[in-house]
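Taking it in order: structure first as structure tokens, then the write-up.
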Amino acid sequence: MRPPRSVLIWLVLLFASIYLMVVIGGTTRLTASGLSMVEWKPLMGALPPMGEAEWLAAFDKYQQFPQYQQVNAWMELADFKKIFFWEYLHRLWGRTLGLIFFVPWVWFVARRSLRGVWIGKTFAAFVLGGAQGLLGWYMVKSGLVDVPQVSHFRLASHLMLAAAVANYVLWMGLEIRFGSRLRFHGPTWAIIGLIALQVVWGAFMAGSKAGTLFTTFPLMDGRWVPEGLGAEPFLYSEVAIHFTHRVLAYVVLAAVSWWAWSHRGQTGLRQAAWTAVVGLVCVQSLLGVATVVGGVPVGLGVMHQAGGIALLSASVVAGYAWAGPSRPRAERPA
């Protein structure tokens with residue numbers, strides 16, 4: 001038995017809240033604010049510094065770490081407050097997300113709106129959200145020693161776990177609205193995999209700061225294949241990461257265009273999902289070009305990251321639409 005409409009509304013709100021968390025996280029990264037809070041206090045850190053003395057103490061702690069010493073030694077307290085704001089907001093919204101999940105979940109269980117397998121399925125999202133918080137601190141720690149830059153592998157893991165939780169919640173919402181799906185359509189999920197890989201490479205671009213390496217399009221410093229490709233290990237090379245991200249963009253655009261043309265004339269959810277995927281992949285391509293040509297400005301960078309997650313979610317809806325419905329169990333003869 002599927003949960004009632006109230007649970008569906010809750011899941012939609014939860015998905016939107018996770019999506020907003022990704023947008024705040026992208027802004028935090030692009031404003032170089034992620035290393036401003038050098039301690040992790042998941043329970044006691046809900047309040048910001050109160051009063052001048054607490055602000056000076058927080059600033060003094062920040063001054064003990066590489067980002068201040070190597071990059072931001074020019075900062076005064078007022079400058080520190082600006083970057084502190086985004087990281088604080090990012091962590092505060094994470095706590096808020098926990099409440100948005102847990103309080104309604106307890107209510108729905110108590111009211112028996114969630115029963116049976118749905119209790120465990122929905123609670124799994126809470127567990128994954130908690131793991132996301134731990135992974136976020138693990139990512140931040142990588143930038144608090146020696147080099148003031150987080151590991152692009154940890155950044156990609158952090159982003160993709162957020163995307164996984166969001167789309168898991170989205171899938172549950174689709175199941176409540178339209179019914180469960182057990183069989184999957186291989187070609188559609190291959191394209192979902194391609195889009196997910198491109199999002200991963202976007203995180204590599206952000207974490208390694210490879211996005212500012214080439215600010216021309218379509219050529220990279222006048223070349224289709226940039227100079228220096230292969231000079232360093234592939235996953236650690238800014239040149240290779242930037243080049244691969246552009247190549248994957250062409251592959252995704254071609255794959256989505258081919259799929260949409262080959263399966264034109266669909267109706268209902270299938271048509272709506274693929275229309276969204278095609279539209280978003282075109283918007284993402286334009287945003288990607290504008291972002292690199294502009295030298296990765298904060299506004300465009302945030303829009304590009306948000307667009308990537310929206311594209312991935314739209315493709316997951318398409319994957320759901322093309323999956324076969326679950327088959328009811330055959331009744332035993334009397």
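Things to note:
- Backbone phi angles across the range 148-163, fed through the Karplus curve with coefficients 6.51, -1.76 and 1.60 (θ = phi - 60°), yield HN-Hα couplings of x, 8, 6, 4, 5, 5, 5, 4, 5, 5, 4, 5, 6, 5, 4, 5 Hz in residue order; Gly and Pro are listed as x.
- The coefficient of translational diffusion for the range 221-334, derived via Stokes-Einstein from the alpha carbon Kirkwood radius under 25 °C and 0.890 mPa s, stands at 146 µm²/s.
- Nearest-0.05 FRET efficiency for T96 and R183, computed from C-beta distance (R0 51 Å): 0.85
- In order along the range 202-211, phi translates into HN-Hα couplings of x, 5, 4, 4, 5, x, 8, 6, 7, x Hz, rounded to whole numbers, per the Karplus curve 6.51 cos²θ - 1.76 cosθ + 1.60 with θ = phi - 60° and x for Gly and Pro.
- The equivalent ellipsoid that matches the C-alpha gyration tensor of the range 196-245 spans semi-axes of 17, 13, 9 angstrom, in descending order.
- When only the Cβ of Lys, Arg, Asp and Glu is charged (+1, +1, -1, -1), the dipole of the range 1-180 relative to its Cα centre reaches about 1060 debye.
- Label-point separation, V145 to A57 (7 Å along Cα→Cβ), nm: 2.7 nm
- Extending 7 Å from the Cα toward the beta-carbon at both L235 and F126 defines two label points whose distance is 3.4 nm.
- Counting neighbouring Cβ atoms within 10 Å and putting the fewest first, the residues S208, S6, S36 line up as S6, S208, S36.
- Between V225 and S262, the simple label model (points 7 Å from Cα in the Cβ direction) yields a spacing of 2.8 nm.
- Efficiency of FRET from Cβ geometry, V293 and M50, R₀ 51 Å, rounded to 0.05: 0.75
- Per residue, the convex hull around the alpha carbon atoms of the range 1-180 comes to 112 Å³.
- Between the range 14-59 and the range 75-95, the alpha-carbon centres lie 5 Å apart.
- Electrostatic bookkeeping for G129 treats Lys and Arg as +1 and Asp and Glu as -1; over the other residues with beta carbon under 15 Å from its beta carbon, the sum is +3.
- Relative to its residue count, the chain spans a Cα convex hull of 161 Å³ per residue.
- Here the chain is treated with +1 on each Lys and Arg Cβ and -1 on each Asp and Glu Cβ, and its dipole about the Cα centre works out to around 1920 debye.
Coordinate-derived values only; no laboratory data. Quantities reported herein were computed from a predicted structural model and do not represent experimental measurements. No Cβ is skipped: glycine too gets one built from the backbone with ideal geometry, and neighbour counts run over all protein chains shown.
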